[in-house]
Amino acid sequence: MALVLHAGTGNKNAFKALITAEYSGVNVELVKNFEMGVSNKTPEFLKMNPLGKVPVLETPDGPVFESNAIARYVARLKADNPLYGCSLIEYAHIEQWIDFATTEIDQGIARWFYPRTGYMPYLPPAEEAAIAALKRSLGALNTHLANNTYLVGHSITLADIIMTCNLYLGFVRVMTKSFTSEFPHVERYFWTMVNQPNVHKVVGEVKQAESVFPVQSQKKPAQPKEPAKPKEAKKEAKKEAPKEAAKPKAEAVAEDEEEAPKPKAKNPLDLLPPSKMILDEWKRLYSNTKTNFREVAIGGFWEMYDPEGYSLWFCDYKYNDENTVSFVTLNKVSGFLQRMDLARKYAFGKMLVIGSEPPYKVKGLWLFRGKEIPQFVLDECYDMELYEWTKVDITDEAQKERVNAMIEDQEPFEGQALLDAKCFK
Amino acid sequence: MVYNPVLYGLKVLHSGSTNKNTFKVLIASEYCGVNVELVKNFKMGVSNKTPEFLKMNPLGKVPVLETPDGPIFESNAISRYVARLNADNPIYGTSLIEYAHIEQWIDFATTEIDLNISRWFYPRAGYSPYIPQAEEAAISLLKRALGALNSHLATNTYLVGHGITLADIIMTCNLYLGFIRLMTKSFTSEFPHVERYFWSMVNQPNFSKVMGKVEQTPYVQPLQSQRNPQSKPKQLKKDAKKYIVKESS
């Protein structure tokens, strides 16, 4: 009668039990039609392992989960199994290397591999730390295998089976030849092991990865706002048991391809008739003018300005009596400017914090594309409603002069000292 | 030297005295009637870097058991060895399936409980980089694991069978670090059966002999050596510096 092992094909944790069974003359069979993510969510499965993790072995005396435990059970089905050594100390050393294979090797490889599959948050500093720890462990293993053909004693034991299966995931997914060449004795050991008949029967042909498994489900390129990614990946991690590799790879890639190209919504400001004023040119003029600012920059501004394509606005913070602490006030303004980032292509602004003592007054000047304040800015940036907005009447010389004073951070401004001036460009 | 006629003799365990991994071995030896002694004057970070120590465990990890037949590292393996010094030891179960289940829960205690508690604790203690999202992930995995454990312990007094086994010793020691450093009452109250189990275990005579009095932490281990607060945007930091000076005048 065969013992039934619930797992998909290609699962390195299932290999452990299957290889052990080959060595022990025990009949263990993989369940048919196992679908990762589906078969292990059924109520029947969860009765066997409440965490829904794979593999699980069904025995006449009840189910067993945790791949190492299953392998041990299978080994012990055969009395005096040489896989378990022939003395107490050998047994202890076998357990020692099984634990090492789990806590040092499997852990290190998993922390490197699974975030790249998109099943856990991908965090470069965490990956770096995982690789460093893995190298340390492989170094120790390498040293041991320099003088030992097998982990314990002079023949294959359960420790070798488990160690090899754990290394397998590393070799086929993340550890390229240049990585493993630093650990030549581990290489020797691994290739010898996977070519043993009982191992080869289960694992099949093994090809070392030519490149590190690429990072999957990277929705945002280059400038990652970290919170968005981990939430997606965490959802995935909750759904799938992280120990599975084979099938999820295909699923992850498929999902990535579907979601990535989302069409960008067209901004209505792009549909306005073209203007002779180019915002970037003004920003460059503003930034690069170091001397004769009034003549060169301000003068240049009014030459470029196109009242049909652009508009100027004064803003006045409605709650100035709140501004009792200087750096808190400045932080408020900084926050506002950060939240205006979405308008960067369509706006230029100066924010002044005025006064030599609290309460400080916050006033600003803004240049927007279009003759009105853009609707998407009002919708997306909640600071907008904290200010009173008045359109500048450029026929009024006094207002025009106020615009100039704000652009050049004139001090005193309207009779008061400036605490700070911030520019949005 | 005095040799216990049944066992192999004095076994010396190299470790500090409050290491939860050491507790595993010491508690197991209490249950098995095995004589295990802690080495004297062990200094963490010093004693485990000497060439002699590294010959026993090339990774320099602790604990390590010295036996007449050679050294053993990995706390779970040491505990298993100690348990087997006494043939037919009840802490290893009384049947093959019980044995399998004991190993199953030992592995669970290691890969699900210990791992996630460590990933929560060690960055806060300053031993590895503190990354908020990684901590978040670890806590969520720990909760998942504790949930499964809680369900099992709702209908089982012990992890396996009707008495304490090696699985209980190892699970309790792994939970111990969590209880005394990270998991406050409000955190563990979500897992009442785990609470029942833990307090039951640590108050067994063989446990309290080794661990002493156990007190649940009232707060999460605070972050140590935080040099780079990661959440503040650059601009803010600059301004804060400028104006803190002004404030003091």
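Read-outs throughout are calculated quantities, based only on the coordinates presented, and are distinct from any laboratory measurement. As the structure is a computational prediction, the values presented were derived from the model and not from experiment. Heads up, the Cβs are rebuilt from the backbone with ideal geometry, glycines too, and the neighbour counts pull from every protein chain shown.
Of A:C423, B:C173, how do they rank once you tally other Cβ atoms within 10 Å and put the fewest first? It would help to have the intermediate numbers written out before the result.
Numbers: A:C423 14, B:C173 29.
Neighbour counts put them in this order, fewest first: A:C423, B:C173.
Output ³J(HN,Hα) for region B:82-95: one whole-Hz value per residue in order, computed from phi by the Karplus curve 6.51 cos²θ - 1.76 cosθ + 1.60 with θ = phi - 60°, and x for Gly and Pro.
Whole-Hz 3J(HN,Hα) from phi for region B:82-95: 4, 4, 7, 5, 10, 4, 6, 6, x, 6, 10, x, 10, 8.
For peptide B:106-115, compute the average count of partner chain beta-carbon atoms within 10 Å of each residue's beta-carbon. Mind showing how you got there, number by number?
Values: counts 6, 10, 6, 1, 6, 10, 3, 0, 1, 4.
Per-residue shielding by partner chains comes out at 5.
As a footprinting exposure proxy, order A:H93, A:H185, A:H6 by other Cβ within 10 Å, with the fewest listed first. All intermediate terms of the calculation are to be shown ahead of the outcome.
On the way: A:H93 25, A:H185 17, A:H6 21.
Sorted ascending by nearby Cβ count, the order is A:H185, A:H6, A:H93.
In the structure shown, do any of A:K12/B:K49; A:K47/B:K61; A:K207/B:K49; A:K12/B:K61 have a Cα-Cα gap over 31 Å, and if so which? Don't jump to the answer; show the numbers that get you there.
Numbers: A:K12/B:K49 34 Å; A:K47/B:K61 37 Å; A:K207/B:K49 38 Å; A:K12/B:K61 27 Å.
Listed pairs above 31 Å: A:K12/B:K49; A:K47/B:K61; A:K207/B:K49.
Compute the separation of the alpha-carbon centres of region A:351-402 and region A:7-38 and state it in Å as a whole number.
69
Counting Lys and Arg as +1 and Asp and Glu as -1, what is the net charge of the other residues whose Cβ lies under 9 Å from the Cβ of B:V160?
Details: positive: none; negative: B:E98, B:D168.
That sum, taken over residues with Cβ under 9 Å, equals -2.
Mean Kyte-Doolittle of at least -1.0 and a Cα length of 27 Å or more along the axis: which whole DSSP H helices of chain A meet both? Show your work: numbers first, answer last.
Details: long enough: A:124-146 (32 Å, 0.22).
Going by DSSP H runs, the hits are A:124-146.
Averaging sequence separations of C-alpha pairs under 8 Å and six or more residues apart, then dividing by the length of chain A, give the relative contact order as a whole percent. Mind showing how you got there, number by number?
Details: 592 pairs, mean separation 55.5, N = 425.
Once normalised by length, the contact order is 13 percent.
Can you report the principal axis dimensions of the protein assembly as shown using only the alpha carbons, biggest first, rounded to whole angstrom?
106, 55, 48
What average number of partner chain Cβ atoms lie no more than 10 Å from the Cβ of the residues making up B:125-134?
Working: counts 0, 0, 0, 5, 5, 1, 7, 4, 12, 9.
Mean partner shielding for this stretch: 4.
Mind listing P(r) for region A:271-424? All alpha-carbon pairs, 5 Å bins, whole percents.
Result, from short to long distances: 2, 9, 18, 23, 21, 16, 9, 2, 1, 0 percent.
At a 10 Å Cβ-Cβ cut-off, how would you order B:K20, A:K345, fewest neighbours first?
Working: B:K20 19, A:K345 11.
With the fewest neighbours first, B:K20, A:K345 line up as A:K345, B:K20.
Taking each residue in A:101-113, count the Cβ atoms of any other chain within 10 Å of its Cβ, then average. What number comes out?
Working: counts 1, 6, 9, 3, 0, 1, 4, 0, 0, 2, 2, 0, 0.
Average per residue, whole number: 2.
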